[in-house]
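**Student:** Right, I'll just put the structure down here and ask away after.
The values are calculated or read from the model by the stated rules, or taken from the named source; none is laboratory data. Every value quoted in this text rests on a predicted model; they were computed, and no experiment measured them. Positions of Cβ are generated from backbone atoms using ideal geometry, with glycine treated the same way; all protein chains shown enter the neighbour counts.
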Amino acid sequence: MNLIHKSVFAALVASAFPAHALDSPDRRISVKVALDAQQTLTYSVQRNGAPVILPSTLGLQLAGADLAGKLTLAQTSSVKAVSEQYEMAVGKRRHVSYRANEQVFTVRNGAGQAMDVVLRVSNDGVALRYIVKGEGRKQFVSEATSFAFAPSAKAWLQPMQVAQTGWKNTNPAYEEHYVRDIAAGTTSPSKAGWVFPALFKTGDTWVALSEADMDGSFHASRLQAESPDATYRIGLPMADEKFTGGAVLADVTGTLVTPWRLIALGSLPTVMDSTLGTDLAAPAIAFDKAKVKPGHAAWSWALLKDDATVYDVQKQFIDYAADMKWDYALVDADWDRKIGYDKMRELAQYGAGKNVGVLVWYNSSGLWNQTEYSPKGALLTADQRKKEFARLKEMGIKGVKIDFFPGDGASVMAYYIALLKDAADAGLLVNFHGATLPRGWARTYPNLMSAEAIKGLEFTTFTQVDQDAVVRHAAMLPFARNLFDPMDFTPMVFGDIPNIKRATRNGFELAESVLFLSGIQHFAETPTGMASVPAYVKSFLQALPRSWDDSKFVDGYPGAHVVIARKAGKAWYVAGLNADDADKTIALDLSFLSKRKGVLIADGATEREFTRSDIAGGKASITIKAHGGFVAVFK
C-alpha cells in the first residue's frame, strides 16, 4: 500500500468538509467556517460580498485537551433563528430587538474530545463562543481565536495597562489614551496588549471587536500586543490580575462556556447604533424595578478633591443637587473616617427630604495594591458584603461606588459578579471604578448604573498634558469605550480647574452630558461653576432626561467629531462636539425630526460663553467651533 504524505492527507481530510456558510437575516453578512489543510478550524466574514475578516483561526487549548488543531468536523446543526426582545434602563435604547441566525459546529480532536463552536450572525455583526461539555475539571490554557484584517485596514485602539503599575499599583484600569487611525498590525506600546472594544476600518466597513456575557466563571480577554500581518489574537490577563489567592485563567468543573467574542460590523452608523454588546449578554436578574433609577449626581471630589469629603461640604452638595433637580449626591473616599457612619445616616436622611439619594465610595481591594483610602477590605467576603450592604440599606444609602480592582483574571470576574448580586439583594445601585469594561453587565444586572474603565475627567485635573489630550480623547469615546457599555467619565466643567488651563469650550463640555452614556451621570461641576452659566443652560441641565428611549448616530469620525441624537419620550436631544483645532461646518441630516422646531445652545464668542438660537429639523448646517460643541432640543 502506498504511503500518503501527511500534508496531502490533511488536505484530503479538509476537502471532505467543504466550507459552511451562515448568513445574517438580511443576507448582507456571511460567515464561512472550514477546516484548512492543517485541520485547523477557520472562519471568514464577508459583507455585501466583500471580505471583512480574512480566514482566521478558531479553537481552545485546555489542560489535557488540544481543541485547536488536527480537528475533524463531527456534526453541523441546522440553522436556528434567534429572536429576543429586552428592556434596558441604561444605554442607547430602551426597548431592544435582537435577531440572528445561529449554527453549532461540533469538532473532535484525535483523542475523540469534542468542542462546540456556536456561531451567530445578525444584521449588525457576528458572534462566536466555545462550549466544552462533560463532567470533570477543565483548565483553560490558551485560545486560538484570531481576527485577520487586510494590511490596508486602519485601527483605533487603547493600550492595555500593565498589571501592578501606576499609582499605588492600581493598574490595569483601562485608563490610557487611544492611538488613532494607525495601520492595522501596529504593535501595542504595552506588552499587555489592546483593550476591548477595538475599532477598525477595512474598505468601507467598520468593525468593533469586543466580548460579552461574563458570568464570573471565565477571565476577561483583550487583544495581544503583537498582530503580525494585521492578524489580531485573543490575549490573556497577566499573572498578577487576580483576587488574592484566586485564579487568573478559567478553571471550571463541568461544562466550560466561554464569553461571546463579538464582531460588530457595517457602515459607521450601523456600528454606532448597534446594541450587540448587550444583545449577547444574559437576561436580567430579578431586581426591584422601582429601584432601577438612573439619574444625575452632584460630586465634590472631581474638582475639590479629598478635603471636601466632610459633612458640611457634602450637605452643600446635596443642596446643589436639589437645586439642579438631580437625583443623587456622591460622597467619595474616606467618608467613614472623615464623616462616619452616624453622620452619613444623617446626610442620607437630609438628602431624602430633598429627593436626593446619597451614594458612597468603597475601596474594593485586599492585598493587591497599596491604596489606603477607606472603607477598604470591607467587601471581600460574602459575609462582609451582606453585613455592610444591609447596614447601608438601613442607613438609607442608595448605592455604592467600588474602586481599585486588580485586573481581568477569572477570580476578579467572580468578585465583580458577587458584588453585583449581593448589592442587588440589598437593593443597592452599583458603579465600578478603577475597573474593567462592563461587557454587557448593564443588561444582566439592572442595578449596575455605570463603570469607569476610562481615562476620565479626573486625569485632566492632574496634569496639563492630560487636559490638552482630552479633546481628541472625548471625541473617541462614543466610537469605542462607550459604544455598548455605560461609562462614568464624570463630565462637564464650565468654570476653572485649579492649576490647569482648560482645553475645551463650554459647548464641548455641555455636549458631553448627552453624548456620554452613563446610568448615573456624575457631573464634575461645582455650585460655583454652575452659577457662572446662563439660566437657560442651567434649565437645560435641570430637565435633562435620566435615560434614553432611542439613539441615532448622525455624523462623525473617531477622534475628530461626533453628532448623536437621543430620544426621551417625544423629545429628541441632538449633541455634537468638534475636536479639531479649526471650526468645522457639518451638514446634518435631521430629516427624522421632520419639521420640528428646536432650541440650539452652542458656543459664544469666547471659550466660556454660550449662545441660544432656534433650529429646525430636516437638512441643517451647523458650524461647531474648534474644541467646541452644541446641544439642540426638539420637543
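**Student:** Does W548 count as assigned by TED's automatic domain parsing to the domain that holds G618, within 22 Å of the chain's Cα centre (by Cα), of a type in the set (F, W, Y) and not in a helix (DSSP H, G or I)?
**Tutor:** So W548 fits the description; yes.
**Student:** At least 3 residues that are within 21 Å of the chain's Cα centre (by Cα) and of a type outside the set (D, E) in each: list the strands (runs of 3 or more DSSP E) lying fully within the range 230-318 that qualify.
**Tutor:** 231-235, 260-266, 295-299
**Student:** Just one of the numbered conditions (1) under 20 Å from G409 (Cβ atoms); (2) among the small types (G, A, S); (3) part of a loop (DSSP other than H, G, I, E, B); (4) in contact with a strand residue (DSSP E or B) (Cβ under 9 Å, 6 or more places away or on another chain) is not true of A163; which one?
**Tutor:** Of everything listed in (1) under 20 Å from G409 (Cβ atoms); (2) among the small types (G, A, S); (3) part of a loop (DSSP other than H, G, I, E, B); (4) in contact with a strand residue (DSSP E or B) (Cβ under 9 Å, 6 or more places away or on another chain), A163 misses just condition (4).
**Student:** Next question. Test A579 against the criterion of being of a type outside the set (D, E, K, R) and free of Cβ contacts under 8 Å to residues at least 60 places away in the same chain, and give yes or no.
**Tutor:** When the stated conditions are applied, A579 does not pass them.
**Student:** May I ask you to verify whether Q46 is free of Cβ contacts under 8 Å to residues at least 24 places away in the same chain, in a strand (DSSP E or B) and out of contact with any helix residue (DSSP H, G or I) (no Cβ under 8 Å at 6 or more places or on another chain)?
**Tutor:** Judged against the criteria, Q46 is a match.
**Student:** When the range 319-331 is examined, which residues are found to be outside any helix (DSSP H, G or I) and at negative phi?
**Tutor:** M324, W326, D327, Y328, A329, L330, V331
**Student:** Right, something else. So which of L35, L71 ends up being under 26 Å from T253 (Cβ atoms), surrounded by 21 or more Cβ atoms within 10 Å (Cβ to Cβ), of a type in the set (A, V, I, L, M, F, W, C) and in contact (Cβ under 8 Å) with a residue 12 or more places away in the chain?
**Tutor:** On inspection, the qualifying residue turns out to be L71.
**Student:** Can you say whether A632 is under 23 Å from M530 (Cα atoms), of a type outside the set (K, R) and surrounded by 13 or more Cβ atoms within 10 Å (Cβ to Cβ), as far as the supplied structure shows?
**Tutor:** Here the answer is yes, as A632 does meet what is asked.
**Student:** How many residues are surrounded by fewer than 23 Cβ atoms within 10 Å (Cβ to Cβ) and on the phi > 0 side of the Ramachandran plot if we restrict to the range 92-132?
**Tutor:** Count: 1.
**Student:** Please specify each residue of the range 21-32 satisfying the condition of being out of contact with any Phe, Trp or Tyr (no Cβ under 7 Å at 6 or more places or on another chain), touching a residue at least 60 places away in the same chain (Cβ under 8 Å) and not in a loop (DSSP other than H, G, I, E, B).
**Tutor:** Within the range 21-32, L22, D23, I29, S30 qualify.
**Student:** Would you pick out the residues in the range 160-170 that are in contact (Cβ under 8 Å) with a residue 40 or more places away in the chain and either on the phi > 0 side of the Ramachandran plot or more than 15 Å from the chain's Cα centre (by Cα) (or both)?
**Tutor:** V162, A163, Q164, K168, N169, T170
**Student:** All but one of (1) more than 27 Å from the chain's Cα centre (by Cα); (2) crowded, with 17+ Cβ neighbours inside 10 Å hold for D581; state the number of the condition that does not hold.
**Tutor:** Of the numbered conditions (1) more than 27 Å from the chain's Cα centre (by Cα); (2) crowded, with 17+ Cβ neighbours inside 10 Å, the odd one out for D581 is (2).
**Student:** Can you tell me how many residues in the range 172-187 are within 21 Å of L457 (Cβ to Cβ), hydrophobic (A, V, I, L, M, F, W, C) and crowded, with 21+ Cβ neighbours inside 10 Å?
**Tutor:** Of the residues in the range 172-187, 1 are within 21 Å of L457 (Cβ to Cβ), hydrophobic (A, V, I, L, M, F, W, C) and crowded, with 21+ Cβ neighbours inside 10 Å.
**Student:** Could you check G185 against (1) in a loop (DSSP other than H, G, I, E, B); (2) under 20 Å from the mean Cα position of the chain (by Cα) and say which number it fails?
**Tutor:** Unmet for G185, out of (1) in a loop (DSSP other than H, G, I, E, B); (2) under 20 Å from the mean Cα position of the chain (by Cα): (2).
**Student:** Please identify the pairs in which a residue from the range 520-538 that is assigned to a helix (DSSP H, G or I) and crowded, with 19+ Cβ neighbours inside 10 Å has its Cβ atom under 9 Å from the Cβ atom of a residue that is modelled with pLDDT of 95 or more and of a type in the set (S, T, Y), counting only partners at least 6 apart or on another chain.
**Tutor:** Every condition considered, the pairs that remain are M530/Y320.
**Student:** Among the residues of the range 214-229, which ones are assigned to a loop (DSSP other than H, G, I, E, B) and hydrophobic (A, V, I, L, M, F, W, C)?
**Tutor:** Listed by number, the residues that qualify are M214, F218, A220, A225.
**Student:** Evaluate the range 245-268: report whether one residue or more is buried (at least 17 other Cβ atoms within 10 Å of the Cβ), without any contact (Cβ under 8 Å) to a residue 60 or more places away in the chain and assigned by TED's automatic domain parsing to the domain that holds M115.
**Tutor:** no
**Student:** Could you give me the residue pairs with C-beta distances under 6 Å whose first residue belongs to the range 434-455 and is of a type in the set (G, A, S), whose second residue is buried (at least 24 other Cβ atoms within 10 Å of the Cβ) and not in a loop (DSSP other than H, G, I, E, B) wherever it lies, and which are 6+ apart or on separate chains?
**Tutor:** Between residues of the range 434-455 that are of a type in the set (G, A, S) and residues that are buried (at least 24 other Cβ atoms within 10 Å of the Cβ) and not in a loop (DSSP other than H, G, I, E, B), the close pairs are A435/A451; G440/A212; G440/G277; G440/T278; A442/L448; S450/N431; S450/I520; A451/F432.
**Student:** Quick check: anything in the range 364-371 within 20 Å of A322 (Cα to Cα) and at pLDDT 95 or above?
**Tutor:** No, the range 364-371 has no match at all.
**Student:** Here's a follow-up. Only one of S217, S190, S221 is in contact with a strand residue (DSSP E or B) (Cβ under 7 Å, 6 or more places away or on another chain), crowded, with 22+ Cβ neighbours inside 10 Å and assigned by TED's automatic domain parsing to the domain that holds V271. Can you tell me which?
**Tutor:** Going through S217, S190, S221 in turn, the sole match is S221.
**Student:** Next question, about the same structure. Within the range 592-629, take every residue that is of a type in the set (S, T, N, Q) and surrounded by fewer than 13 Cβ atoms within 10 Å (Cβ to Cβ) and give me the one that is farthest from D555 (Cα to Cα).
**Tutor:** Applying the filter and picking the extreme gives T606.
**Student:** Counting residues that are among the basic types (K, R) and either in contact with a His (Cβ under 6 Å, 6 or more places away or on another chain) or modelled with pLDDT of 95 or more (or both), which strands (runs of 3 or more DSSP E) fully inside the range 58-115 reach at least 2?
**Tutor:** Qualifying strands (runs of 3 or more DSSP E): 95-108.
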